[in-house]
Amino acid sequence: MTGHRGPQPETRGDEVDAIVTAWNTVRPDLDVTPLDVLSRISRIARRLDQARSSVFTEHQLEGWEFDVMSALRRAGEPFQLSPGALVQQTLVTSGTMTNRVDRLEKRGYVAREPSPSDRRGVLVRLTPDGLTVVDAAFDALLAHERRLLSGMDERGRADLADSLRALLAAVET
């Protein structure tokens, strides 16, 4: 079958190339070229998760804590959102969000306040301590991620972002 290829040793030679070569050897009837892209994305995602976890650990945060607090931070002053908006932005269930807000509230990073527009509703607000922590963690995260991307030039990063944007759109539809 055409459409599959092995590694090109003069320009490449990572673990994914070894996987693709092995599959081409044992299943030459299949086009395994999707692995060239998607296996690399999967490996990068795992490495990125590890790197992010280490940054968050340095700031005594869990990844989910950063996710919730950064959603509030991105909302701008007064750094508050409804629980429903937090659910939408963090892609968790409302029960999970309730538990997360409870835990962040105990740490002093968020506070619940009555909604001025809905007597039964509440808003979750980032506290000054929460603002300090999320800003410090975000600064450290950006510095670390800049280092991860330092092997690529600006044009390469822009091209990669464009390609990944197109792939994400295709995957999410």
**Request:** Could you sort 68-76, 49-57, 159-167 so that the peptide with the highest average Cβ count within 10 Å comes first and the rest follow in order?
**Result:** 68-76, 49-57, 159-167
**Request:** Collect residues whose amide H, placed 1.01 Å from N in the peptide plane, falls under 5 Å from the amide H of Val32; neighbours closer than 5 in sequence don't count.
**Result:** Arg5
**Request:** Enumerate the calculated ³J(HN,Hα) couplings along the stretch 104-114 in order (Karplus 6.51 cos²θ - 1.76 cosθ + 1.60, θ = phi - 60°), each rounded to whole Hz, writing x wherever the residue is Gly or Pro.
**Result:** 5, 5, 4, 7, x, 8, 9, 9, 9, 9, x
**Prompt:** Which distance in nm do the two modelled labels at Gln88 and Ile44 give, with both placed 7 Å along the Cα-to-Cβ direction?
**Reply:** 2.9
**GNM result for the chain, Cα springs below 10 Å: residue of Arg112, Arg40, Arg27 fluctuating most strongly** = Arg27
**Fill in**
Under 5 Å from the placed amide H of Val110, counting only residues 5+ away or on other chains, we find Glu105, Thr127
**Request:** With an 8 Å cut-off on Cα pairs and a minimum separation of 6 or more residues, tell me the relative contact order of the stretch 38-111 in percent.
**Result:** 20
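How would you classify the stretch 39-126 from its alpha-carbon gyration tensor, with a ≥ b ≥ c the square roots of the eigenvalues: rounded for a/c under 1.5, else prolate if a/b is greater than b/c, otherwise oblate? The partial results should precede the final answer.
Working: a/c = 2.46, a/b = 1.94, b/c = 1.27.
It is prolate, given that a/c is not under 1.5 and a/b is the larger ratio.
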**Request:** Read phi for every residue in the stretch 162-167 and hand back ³J(HN,Hα) as whole Hz from Karplus 6.51 cos²θ - 1.76 cosθ + 1.60, θ = phi - 60°, with x for Gly and Pro.
**Result:** 4, 5, 5, 4, 5, 5
**Stokes-Einstein D (µm²/s) once Rh is taken as the Kirkwood radius of the chain over alpha-carbon pairs, at 25 °C in 0.890 mPa s** = 127
**the chain - mean residue ellipticity at 222 nm from DSSP helices (-39,500 (n - 2.57) per run, n ≥ 4, rounded to 500)** = -21000 deg cm²/dmol
**J(HN,Hα) series, the stretch 41-57, from Karplus relation 6.51 cos²θ - 1.76 cosθ + 1.60, nearest Hz, glycine and proline x** = 4, 4, 5, 5, 4, 5, 5, 5, 4, 4, 5, 5, 4, 5, 5, 5, 4
**Request:** Report the one residue of Trp23, Met69, Met152 whose Cα lies farthest in the direction of the positive end of the charge dipole of the chain (charges on C-beta: Lys and Arg +1, Asp and Glu -1; origin at the Cα centre).
**Result:** Met69
**Asked** What relative contact order, as a whole-number percentage, does the chain give when Cα pairs under 8 Å and 6 or more residues apart are counted?
**Response** 16
**Complete:** Under 5 Å from the placed amide H of Val122, counting only residues 5+ away or on other chains, we find Ser115
**Prompt:** Which distance in nm do the two modelled labels at Ser53 and Arg107 give, with both placed 7 Å along the Cα-to-Cβ direction?
**Reply:** 1.6
**Percent accessible area from carbon and sulfur atoms, the stretch 53-173, protein chains only, probe 1.4 Å** = 53
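The values are calculated or read from the model by the stated rules, or taken from the named source; none is laboratory data. Owing to the predicted nature of the structure, the values given are computational and were not obtained by experimental measurement. Glycine gets a Cβ as well: all are built from the backbone with ideal geometry, and neighbour counts include every protein chain shown. For the accessible areas, the whole protein counts, side chains as well, though only heavy atoms, and no ligand, DNA or RNA atoms are used. Shrake-Rupley method; radii C 1.70, N 1.55, O 1.52, S 1.80 Å.
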